[in-house]
Each structure stands twice: as structure tokens, then as C-alpha cells.
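Down below is the structure, laid out as C-alpha cells.
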Amino acid sequence: MAVSVSKKKSRLPRRSEPREVVFLHSILVKLLHRLPSLLLLLILLFLWSSSATIISSNIVHLCVSSRKVGNLYCLSAGTQPNLEIPIPPVKNTSADPQITSTARIKQVVEDPVLEQPVDHLVEKGVSKDTDEGGLADAVKIVEEQLKLHRSWASNSNQAPATTTCTGGRGIYVYELPPKFNKDLMSQCSDMIPWSDLCKFLSNQALGEPIPELGKGWYQTHQYSLEPIFHSRVLKHPCRVYNEDEAKLFYVPYYGGLDILRWHFKNVSDEVKDGLGLDLVKWLESQRPWTRNSGKDHVLVLGKISWDFRRVSASSWGSRLLELQQMQNPIKLLIERNPWHVNEIGIPHPTHFHPRSDADLLAWQLRVARSSRRSLVSFAGAARPGSPDSIRSVLINQCTDSEHCMFLNCSRGGCDQPGSVIELFMESEFCLQPPGDSPTRKSVFDSLVAGCIPVLFDPFTAYYQYAWHLPEDHGKYSVFVGQDEVKEMKVNVVDRLMKISALEREAMRRFIAYELLPGLVYGDSNSELENFQDAFSIAMNNLLERVSRL
């Protein structure tokens, strides 16, 4: 029997309405009175940001992103009473867990579940007690690994970029099934709920050109390293098509894009790990892999190591780098795990991709001659949800000084690369505190612009990029300890004012003429003859390493 219910009749008489209903009705009337103002506020909020609601297991996250994948702010609530929400349950596309510097060492030496190298540290005499001695020993191991990485450096890095392919230096590029790379690129419009990444991955992953900055400048996404590197390897002069002629085997798996497509979707761990496990099975069926157990293989992963080391209590990332089969190959990442010798840090991709020596020379001259109107600048945003962050202190010190310029990225000020590069070009020093992980793409943006980076955590650069940054960090950067900043023992702007103009000029010239070429990735058709770019340095060193196996 059909039943009809009238909404009008279903309402209770006004006098019988509960007090709570009357109260809610009163609030609703007030809100309707203010509807025009609310609509205006919502429109402004929409223009400034975008949001997404994500359901992950028994947790609902309402997330807002202000300008890029790297800045995601979420409110989380359980779908069941008294549900304990893990912190942080949903984060941006950076490290999980959010740990830097000394805290990272403490977690490594305390937590055997999080980090496999703990037993290795104990074998080396590192105490699991988080005392000063144990931490010092852990850092010592990191420094020993960096020395080992530097010992693999090829002498050809010091000479003009003439690559010698004799003596069995062949590079074999696997023709992987498309699901491991090309198919991932085709999902660019669906990876992030609030952003279409296709425009950033166009033009062989360089993105759209930025003509106002000059030749070689593009809207390059921070996680586009995998396809950029792949396109360069395909045209490497040492590439061979017979696997028996190869010394080095390149595996073009876009693991970072694989992770990115599942970050904000309610899928199981099996789904997140599925493609990585398929890759391992595929590699194990290849004769070159079984011959040396993958020791002469290399993967380039365009995200940080922690994104490939999912811990049991988190839904973030995959467990690719925890697999036993992945321990022997070399992994090149934008942020390495400092306790894994087969992980090597290489520069984040910047927006500059020169094609010729002339492009590089023109930019070097522009950097060297740029008028530095400001002593200090900081392009970034506060981290109110992170009690260990020093960003708020630095912002206050910057805004209180007439010698410092602050570009607030939380208000969309960093949406356009041109505005950030222009700020760095006009600044002597650029403050580079850690973000969601120790490393920061902005460090390389500032170096490419000739702005001396001011670092607060040795893991931001010093313990990462042994092939691309010199051991003498004082040649290109200034270091200020985070604890000094947190405890208000130092005003960073005042300290930088004490560095003489002569010292600043020497550092900037070293950055422009010695470092800069090796920090950028030329485009896929680059014809550099007198310079080694970041790609060439990495490949020459990889070939040098496998030649010693």
C-alpha cells in the first residue's frame, strides 16, 4: 500500500517545538539574513583555494589546498564514536611521518619497525638509547655513507661534457609494460582531487613554457622527475639495445606517480602496493636481473624515500623500498633515506631546463649581475599544526625587519614560479627551513636564482646530495641551528647582516659558475657540450659505480 507523507503536516506546532529546535531555527534565520555576506566569503574562498572530502576507512577528512599538492590542510573526524584518529591521518604529498633532523635519528635508532637499518646501526656500535652519543654515532654513519657516494664520482664530472661510452659503459633501458609508466601519465587528470596535473606533465613532463623568465623556463611540477629522467636516458649516447652489451640497467618505473594516484583515494594497502609488486615479479623474470640480483640496476623515484616506506600505523604511501628485492638496486630520489647506502639524493627538478651552453651562459650572467635589493627573503607559509616548525618564528623575524621580504605562500603568492624566482633574484639570502620533510625544492630554486640558501637542518641538503653539492657547505650556504631559532637565541636577519658584501659576492659567484649547471636538468633535446647538468652527473657516476662491481 502506497503511503504519502506531507512535509507540511509533518511539522509540529510551533508551541510544541523543543527548545533546541527553536534555537536552531533562530540561528538559521540569522544566517539567512547574512546570506549575501556568506556568499561573497564563499566565492573569495573558492578563488583562493579548493577543497576535497576524503573518506579513509573510518575517518573523514575535509582538506583544503591553497596552491599546490605540497600544501594540504585537513580537518579529520571519525565516523564512529570515540574513534582514535592517527596523527597525521592525511597529509600532503611529502614525508609521512613528519620528522626531521634529530627527531628522525631518534626514531630510526628507536623503531625497528620503521627503519630496517636499525640492526645495521647496532652492528656499527650505535646505541638504541637516544642519548647524545647514540645520535652522534648515527650521524657519523650517515657521513661515512656520503663519503662512499663521493668516492663513486666519475672524473668526467670535472671535464667538459664529452661522454665516453667505451669499455663496456652501455646503458640498457627496459621496455616495461605501459602500466608501469605511460599509463600512469595518462591518469594525470585524476590523480589529485582539486588539480589537473596534465598541464604540468605536458611537453615531456617539463610543463608549459614561462616566456617572461626567458629561454628554457617551464611550469615544471615538483614530482615530474621520473618522466624527465626517462626522456633523457632514451637519448643517452651510451644507450645500447642488446642487454649483453650493457653495464647499467635502467628501470623506467614511475613509482612516484603510482603513489600519487592513490594518496587521496579510499583504497586498500594491497592496491597501493600492487604495481610495485608486479614490477618486482617482472624484473625477476629478466635474465640481467637474476645475473647480479639487481645490483647493476637503477630506479629513479620522483618523491621522497619515506613515501615508499609505509609504516603499519599509516595509510600513506607504499612499501616498495621495504621489499627485499629492492635493497640491491640503486635508487635515485629527491630525498634519500640517510641510512640506506643504495639510496642517493639528486636535485629536485627546478623550472629551468637549458637546451644549450648558450642558454646556461646567458642565465649565469643574469644571475651574477642581478641587483640584490633585499638582504633576506622568505617564500613560504607557517605550519601552525606542527609544533616543531620554526617557520612562524622566521616569519616574525622577517616581517619585523626592513631588510627582509616575505612572500606568503598560504595566500597564493607562490602560485606562479615567476614571482618566486623574481624574489630570489632580488635577494642575497633565502631562508630555507624544513617543510613537511627535511628537503625542500625551494633550496634548488634559490640556488638557480643565485640566492644563498640559509639552512636550519643538515638533512635539508648536507646529508642528501653528495654528487651535486660540495662537501664544504660554507661555499654555497649559511647554517643556523633550529634550536637556536626555537629558543629565540638568534635573530637570523641580524646574523646575516654580519656577513660582509665580499663574502656574499664570493658565495654567489661560486653558486652561479660552479654549482648552477649541475643542479638543473636540461631538456630532452639538450646539447650541452661544456657543462655537466644534474642528469649527466648522475649518469656518469652510476656508470662509474657499476664499472667497479
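In percent, rounded to a whole number, the relative contact order of the range 164-311 is 31, using alpha-carbon pairs under 8 Å and six or more apart.
Listed values for the range 331-347 are Karplus-derived 3J(HN,Hα) couplings in whole Hz (6.51 cos²θ - 1.76 cosθ + 1.60, θ = phi - 60°), namely 10, 9, 9, 6, 8, 8, 7, x, 9, 10, 5, 8, 10, 10, x, 10, x, and x replaces Gly and Pro. When Lys and Arg each count +1 and Asp and Glu each count -1, what net charge do the other residues less than 15 Å away from residue 522, Cβ to Cβ, add up to? Taking every other residue near residue 522 into account, the sum is -2.
Between residue 488 and residue 371, residue separation times 0.36 nm minus the direct Cα-Cα distance comes to 39.0 nm. On the range 305-366, 56 percent of the accessible area sits on carbon and sulfur atoms, based on a 1.4 Å probe. Taken one residue at a time, the phi angles of the range 452-469 give Karplus couplings (6.51, -1.76, 1.60, θ = phi - 60°) of 5, x, 9, 9, 10, 9, x, 6, 5, 8, 5, 9, 10, 10, 5, 8, 10, 10 Hz. Gly and Pro are set to x. Per-residue SASA remark: residue 475, around 90 Å² accessible (1.4 Å probe; ligands, DNA and RNA not included). Rounded to the nearest Hz, the phi-derived 3J(HN,Hα) couplings of the range 378-394 under the Karplus curve 6.51 cos²θ - 1.76 cosθ + 1.60 (θ = phi - 60°) are 9, 10, x, 9, 5, 10, x, x, 10, x, 8, 6, 9, 5, 4, 5, 5, where x marks glycine and proline. In plain terms, the chain from residue 164 to residue 244 could stretch by 26.9 nm, reckoned as 0.36 nm per residue minus the Cα-Cα distance. Taking a point 7 Å from the Cα of residue 497 along the Cα-to-Cβ direction, the residues of the range 387-412 with backbone N closer than 11 Å to it are 401-404. Between the residues 429, 473, 520, the greatest Cα displacement towards the positive end of the dipole of the range 423-549, with unit charges on the Cβ of Lys, Arg, Asp and Glu, is found for 473. Accessible surface calculations at 1.4 Å, restricted to protein heavy atoms, place the range 302-434 at 33 Å² per residue. The residues packed around residue 249, meaning those with a beta-carbon under 11 Å from its beta-carbon, carry a net charge of +2 if Lys and Arg are +1 and Asp and Glu are -1.
Listed peptides 326-334, 537-545, 366-374, 443-451 appear in the order 443-451, 537-545, 326-334, 366-374 once ranked by packing, highest mean of other Cβ atoms within 10 Å at the front.
Extension gain, residue 323 to residue 175: 0.36 nm times the residue separation minus the Cα-Cα distance gives 51.0 nm.
Once C-alpha pairs closer than 8 Å and six or more residues apart are averaged by separation and normalised to the residue number of the range 295-362, the relative contact order reads 28 percent.
Here the accessible area of the range 425-549 is 46 percent carbon and sulfur, with a 1.4 angstrom probe and all protein chains present.
Amide H contacts of residue 353: 217, 218, each under 5 Å away and 5 or more positions distant or on a separate chain (H built 1.01 Å from N in the peptide plane; Pro and chain starts excluded).
The values are calculated or read from the model by the stated rules, or taken from the named source; none is laboratory data. As the structure is a prediction and not an experimental result, all values here were calculated from the model. Note that we place each Cβ from the backbone using ideal geometry, even for glycine, and neighbour counts take in every protein chain shown. The area values use the complete protein model at the heavy-atom level, side chains included, leaving out ligands, DNA and RNA. Shrake-Rupley method; radii C 1.70, N 1.55, O 1.52, S 1.80 Å.
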